[in-house]
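A.B. asks: First the structure, which I've put down as structure tokens, then a few questions once you've had a look.
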Amino acid sequence: MRIYNTLSSREEEFQPQGDVLTMYVCGVTPYAECHLGHAMSYIVFDMVRRYLEYRGYKVKHVQNFTDIDDKIIKRAQELNVPSTEVAEKFIAQYFADMDELNVQRAEVYPRATEEVPKIIEVIQGLVDRGHAYEAKGDVYFRVSSDADYGKLSHQSLDSLQAGARVEVGVEKEHPLDFALWKAAKPGEPWWQSPWGRGRPGWHIECTAMSLRHLGETLDIHGGGQDLIFPHHENEIAQSESFTGTVPFVRFWMHNGLVQLEGEKMSKSLGILVTIRETLARFSPDAIRLFILSSHYRGPVSFSEDGLTAAEKGMERLRQAAKADGGAGADWQPGAIDAGAFRQRFVDAMDADFNSAQALAALFDLAREINRSISQRVGVEEGQRTLLELGRVLGFTFEDRDVRLGADPFVGLLISVRADLRAKKEWQLADSIRRRLKDLGVALEDSPQGTSWKYDRPSG
RNA sequence: GGCGGCGUUGCCAAGUGGUUAAGGCGAGGGUCUGCAAAACCCUUAUGCAGCGGUUCGAAUCCGCUCGCCGCCUCCA
């Protein structure tokens, strides 16, 4: 299979280096609720992981929580609670959101605050090797000591510097030197270190965690495109300078960013739509279908209409996967060439996870299933394949809102209505159907009887 | 200023040199149905921002122009 590598700016043939494929995905800084940008990134890498596993690789997936950081501290001070409380709250929220989106859990979720000894060890090593220096209790990485700094973002030190804002009053040798360790200000959480009381800088935790949990060279490191610079660039600089092992990461994968009304969603701009709000109105599968309908490296614009269209499309897949395929005596044996659809799916996904093209194969398979059913031709294998491939993309195929608990009452109404229909009391029967529809329950009559489903109004 | 991305049918979106430009949503017509719904069938881009160029042949390669966006500062 081929994967696009940000480092080389092109697709490369992918093979893991060992028996276990190592994959590190940058996690959240838990200081606020997750928004659709997070949904995008974690659904994309969930799809990546599921497909890698489907292709037979054993994947070890590690994802961090940066649970100590300026924004968390600020939030904690605003709320007048310990910063750990803020972090814990939003970590729990993160898991709740991701579970609902059917994102598989990583093997390990290291937290920055639990990796401080390793972080200090790495920083000390960088200082010892001349790659870092202490200044008034802060420790900075010396970018000039890294010959190929800028290789991920494809920028030279000079060109980066031209656009960079220089922080004032900071004791840095070079404007692009970045903090590995920050001295504690009064009232801030701190850990004891060789440079006094302080806390880790932003980038160092990922280096420490990936070294500890996955080794010196990772197969895949993922995150949003907004992390390419400075975060991932700095991770490379730290990690390779510390270990002397190149490359730190073999394949850098970056998902495109979510746009809202043409502009990037940004926490700092305050434009954000949370995952929770979106899940209140659209099914997890629809959100996932929407995201996977376009290539993961491109930008995505969420919209009301787009999500509604995705919900409809998802309903089509659900319907085909679960339709009564009939095992009656008058049914012909199945004739769908499931293998051909599977092959199309695999070919698409092998080409840098072209989920949009893979989905086209699923929709074609769904049509083939429906067509067979109408001809009373068996579809067991077709449906099995649709479910199998859909689950590789992370779809649950679950009906929405099953938890509403209205089932027995709907059943009762359907039964009453069946009696009315038998007596050709169409007006009353139609009235029941229409009023249930208004309540979000759609009835579908067929020769086999009446079925129903929740039809969530999109407003 | 530097780096990068994008511009394909009403909307979303695949397709990166060669028979009829995927798929979804929407729209129109038909089949089925008591009527609906769902499903199925048919129709819906001689054209891929514009202008040049390379080629037997380009949406696909090259150049230029226009427009939109991201990163270079916290961000998935």
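The values are calculated or read from the model by the stated rules, or taken from the named source; none is laboratory data. These numbers come from a predicted model, not from an experiment. Here the Cβ positions follow ideal geometry from the backbone for every residue, glycine too, while neighbour counts run over all protein chains shown. Surface areas here come from the heavy atoms of the whole protein model, side chains and all, with no ligands, DNA or RNA. Shrake-Rupley method; radii C 1.70, N 1.55, O 1.52, S 1.80 Å.
A.B. asks: Kindly provide log₁₀ I(q)/I(0) values, in the same order as q = 0.16, 0.20 Å⁻¹, from the Debye equation applied to equal alpha-carbon scatterers of the range A:281-392.
C.D. replies: -0.73, -1.02
A.B. asks: Assuming R0 = 25 Å, can you tell me the calculated FRET efficiency for the pair A:SER159 and A:SER9, based on Cβ-Cβ distance, to the nearest 0.05?
C.D. replies: Using R0 = 25 Å, I get an efficiency of 0.95.
A.B. asks: Another question, if that's okay. Considering only protein heavy atoms and a probe of 1.4 Å, how much of the accessible area of the range A:274-317 is carbon and sulfur, as a whole percent?
C.D. replies: The nonpolar share, carbon plus sulfur, comes to 56 percent.
A.B. asks: Out of the range A:340-427, which chymotrypsin sites (Phe, Trp or Tyr not before Pro) are coil in DSSP terms and have no more than 16 other C-beta atoms within 10 Å?
C.D. replies: The qualifying sites are A:PHE397.
A.B. asks: Going by a ≥ b ≥ c, the root eigenvalues of the Cα gyration tensor, does the range A:1-40 fall in the rounded group (a/c under 1.5), the prolate group (a/b larger than b/c) or the oblate group?
C.D. replies: Note, shape of the range A:1-40 comes out prolate.
A.B. asks: What is the gain in length, in nm to one decimal, between A:GLU78 and A:SER301 on full extension, counting 0.36 nm per residue of separation less the C-alpha to C-alpha distance?
C.D. replies: Net length gain for the segment: 77.0 nm.
A.B. asks: So which GluC sites (Glu not before Pro) in the range A:120-200 pass both tests, a DSSP loop state and at most 15 other Cβ atoms within 10 Å of the Cβ?
C.D. replies: For GluC sites (Glu not before Pro) across the range A:120-200 that sit outside H, G, I, E and B with at most 15 neighbouring Cβ atoms in 10 Å, the list reads A:GLU167, A:GLU171, A:GLU173.
A.B. asks: I would also like to ask the following. Order of A:205-213, A:51-59 by packing, highest average Cβ count within 10 Å first?
C.D. replies: Most protected by this proxy first, the peptides run A:205-213, A:51-59.
A.B. asks: About the Cα centre of chain A, how large is the charge dipole given +1 on each Lys and Arg Cβ and -1 on each Asp and Glu Cβ? Please answer in debye to the nearest 20.
C.D. replies: Result for chain A is approximately 1100 debye, rounded to the nearest 20.
A.B. asks: Just subtract the alpha-carbon distance of A:GLU388 and A:LYS312 from 0.36 nm times their residue separation and send over the number in nm, one decimal.
C.D. replies: 25.3 nm
A.B. asks: How much mean residue ellipticity at 222 nm does chain A get from its helices, if each DSSP H run of length 4 or more adds -39500 (n - 2.57) and you divide by all residues, to the nearest 500 deg cm²/dmol?
C.D. replies: -13500 deg cm²/dmol
A.B. asks: Taking all pairs of distinct Cα atoms, average 1/r, flip it, and tell me the Kirkwood hydrodynamic radius of the range A:300-459 in Å to one decimal place.
C.D. replies: 17.8 Å is the Kirkwood radius here.
A.B. asks: Could you list the square roots of 5 times each eigenvalue of the Cα gyration tensor of the range A:402-454, that is, the equivalent ellipsoid semi-axes, sorted largest first and rounded to whole Å?
C.D. replies: 19, 12, 10
A.B. asks: Given axes a ≥ b ≥ c from the Cα gyration tensor, I'd like to know whether the range A:73-191 is rounded (a/c under 1.5), prolate (a/b larger than b/c) or oblate.
C.D. replies: prolate
A.B. asks: Pop a pseudo-label 7 angstrom from the Cα along the beta-carbon direction at both A:THR396 and A:VAL20 and give the gap in nm to one decimal.
C.D. replies: Once both label points are built, they end up 2.9 nm from each other.
A.B. asks: So, one more: Calculate how many DSSP beta bridges within chain A are antiparallel, expressed in % of all such bridges and rounded to the nearest 5.
C.D. replies: Of those bridges, close to 55 percent are antiparallel.
A.B. asks: On alpha-carbon atoms, Rg over Rh for chain A using Kirkwood Rh?
C.D. replies: So for chain A, dividing Rg by the Kirkwood Rh gives 1.06.
A.B. asks: Residue farthest toward the positive end of the dipole of chain A, with Cβ of Lys/Arg at +1 and Asp/Glu at -1: which of A:SER431, A:CYS26, A:PHE353?
C.D. replies: A:SER431
A.B. asks: Rounded to two decimals, what is the ratio between the C-alpha radius of gyration of the range A:2-264 and 2.2 N^0.38 Å?
C.D. replies: Relative to the 2.2 N^0.38 Å estimate, the range A:2-264 comes out at 1.00.
A.B. asks: With an 8 Å Cα cut-off and a minimum separation of 6 or more residues, compute the relative contact order for chain A in percent.
C.D. replies: Relative contact order, chain A: 16 percent.
A.B. asks: In square angstrom, what is the accessible area per residue of chain A with a 1.4 angstrom probe?
C.D. replies: Result: 46 Å² per residue.
A.B. asks: In a Debye calculation with equal point scatterers on the alpha-carbon sites of the range A:1-131 and no solvent, what is log10 I(q)/I(0) at q = 0.17, 0.20 Å⁻¹?
C.D. replies: Cα-only, vacuum Debye calculation for the range A:1-131: -1.06, -1.20.
A.B. asks: Which value, in debye to the nearest 20, describes the size of the charge dipole of the range A:205-261 about its Cα centre when Lys and Arg Cβ atoms bear +1, Asp and Glu Cβ atoms bear -1, and nothing else is charged?
C.D. replies: 180 debye
A.B. asks: Relative contact order, percent, of the range A:99-186 when contacts are C-alpha pairs under 8 Å separated by at least 6 residues?
C.D. replies: Relative contact order comes out at 29 percent.
A.B. asks: Counting other Cβ atoms within 10 Å, keep those with at most 16, restrict to DSSP loop, and tell me which trypsin sites (Lys or Arg not before Pro) in the range A:120-201 are left.
C.D. replies: Hits after loop and neighbour filter: A:ARG129, A:LYS136, A:ARG165, A:ARG197.
A.B. asks: Another one. For a Förster distance of 41 Å, can you work out the FRET efficiency between the beta-carbons of A:GLU53 and A:GLU444, rounded to the nearest 0.05?
C.D. replies: 0.70
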